[in-house]
Amino acid sequence: MSIVTVVGNPRPGSRTLGVATALSSAVAARAGLPDGPVFDLAGFGGQWLGDLASDGESALAAAAEASVLVVATPTYKASYTGLLKAFLDRLPGGALRGTVAVPVTVAAAPTHRFVADLQLRPVLAELGATLPVPSFVVEERELPDLLALAERWAAGHGAVLTATASALAAAEAA
């Protein structure tokens with residue numbers, strides 16, 4: 001099993017990156033897996049709107065081959081970022097079939113807590129991902145408690161993630 005993290009914040013090294021990697025690490029620890037690759041899309045430049053370089057192709061391939069895919073974005077103008085949209089648009093239909101996805105958002109206010117469920121989850125499902133657990137949402141005011149929040153989320157949902165990923169892998173192998 002592999003865990004891949006994709007972060008769609010347009011600022012390199014963002015708080016969103018910190019939230020996503022904290023969650024990925026907590027899930028990996030619960031599943032007894034090594035931390036997987038992290039793709040901070042801000043570092044890829046404008047290639048999502050033009051020709052892809054080899055690192056862009058690698059990020060897309062890793063996302064499509066992941067057992068567990070953590071997809072993170074800040075809430076941006078009451079939605080997810082255009083950078084993340086451009087990345088997801090590069091994946092062909094059904095590319096995430098066999099992948100368990102976890103939408104992650106960093107929300108500035110309580111009114112933005114549902115962006116992951118209302119907007120990001122349907123896109124991931126359209127790409128074929130299985131989404132058996134709740135999204136991981138952190139409000140900016142909760143960032144000081146990030147590690148505890150990630151651990152608590154992983155404790156509550158990690159077993160379902162790994163069981164689902166294992167079942168999907170077994171079904172593909174059959």
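So, in segment 53-75, of the ones that are free of Cβ contacts under 8 Å to residues at least 40 places away in the same chain and either among the hydrophobic types (A, V, I, L, M, F, W, C) or buried (at least 17 other Cβ atoms within 10 Å of the Cβ) (or both), which residue ends up nearest to residue 6 (Cα to Cα)?
60
Can you tell me how many residues within segment 1-24 are within 17 Å of residue 62 (Cβ to Cβ) and either open to solvent by 30 Å² or more (accessible area, probe 1.4 Å) or of a type outside the set (A, V, I, L, M) (or both)?
Selection size over segment 1-24: 7.
Taking the options 143, 168, name whichever one is assigned to a helix (DSSP H, G or I), surrounded by 13 or more Cβ atoms within 10 Å (Cβ to Cβ) and in contact with a strand residue (DSSP E or B) (Cβ under 7 Å, 6 or more places away or on another chain).
On inspection, the qualifying residue turns out to be 168.
Can you find a residue in segment 74-84 that is closer than 21 Å to residue 171 by Cβ and out of contact with any Leu (no Cβ under 7 Å at 6 or more places or on another chain)?
Scanning segment 74-84 turns up no residue that is closer than 21 Å to residue 171 by Cβ and out of contact with any Leu (no Cβ under 7 Å at 6 or more places or on another chain).
From the residues in segment 146-162 that are open to solvent by 70 Å² or more (accessible area, probe 1.4 Å) and touching a residue at least 60 places away in the same chain (Cβ under 8 Å), which one is nearest to residue 172 (Cα to Cα)?
Going through the qualifying residues, I end up with 159.
Within the set of pairs 6 or more residues apart or between chains, which connect a residue that is under 19 Å from residue 67 (Cβ atoms) and touching a residue at least 24 places away in the same chain (Cβ under 8 Å) inside segment 119-131 to a residue that is acidic (Asp, Glu) and assigned to a helix (DSSP H, G or I) with Cβ atoms less than 8 Å apart?
Every condition considered, no pair remains.
Spot the failing condition for residue 128; the list is (1) on the phi < 0 side of the Ramachandran plot; (2) not in a helix (DSSP H, G or I), and only one is missed.
Only one criterion in (1) on the phi < 0 side of the Ramachandran plot; (2) not in a helix (DSSP H, G or I) is unmet by residue 128, namely (1).
Residue by residue, here is whether (1) out of contact with any strand residue (DSSP E or B) (no Cβ under 9 Å at 6 or more places or on another chain); (2) assigned to a loop (DSSP other than H, G, I, E, B) holds:
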| position | (1), (2) |
| --- | --- |
| 28 | no, no |
| 33 | no, yes |
| 42 | no, no |
| 51 | yes, yes |
| 61 | yes, no |
| 72 | no, no |
| 83 | no, no |
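Select, from 50, 32, the only residue that is free of Cβ contacts under 8 Å to residues at least 24 places away in the same chain, open to solvent by 20 Å² or more (accessible area, probe 1.4 Å) and under 18 Å from residue 165 (Cβ atoms).
Result: 32 is the single residue among 50, 32 that is free of Cβ contacts under 8 Å to residues at least 24 places away in the same chain, open to solvent by 20 Å² or more (accessible area, probe 1.4 Å) and under 18 Å from residue 165 (Cβ atoms).
The values are calculated or read from the model by the stated rules, or taken from the named source; none is laboratory data. This structure is a prediction, so every number in the text was calculated from the model and none was measured. Positions of Cβ are backbone-derived with ideal geometry, glycine not excepted, and every protein chain shown enters the neighbour counts. Side chains are part of the model used for accessible areas, which takes the heavy atoms of the whole protein and leaves out ligands, DNA and RNA. Shrake-Rupley method; radii C 1.70, N 1.55, O 1.52, S 1.80 Å.
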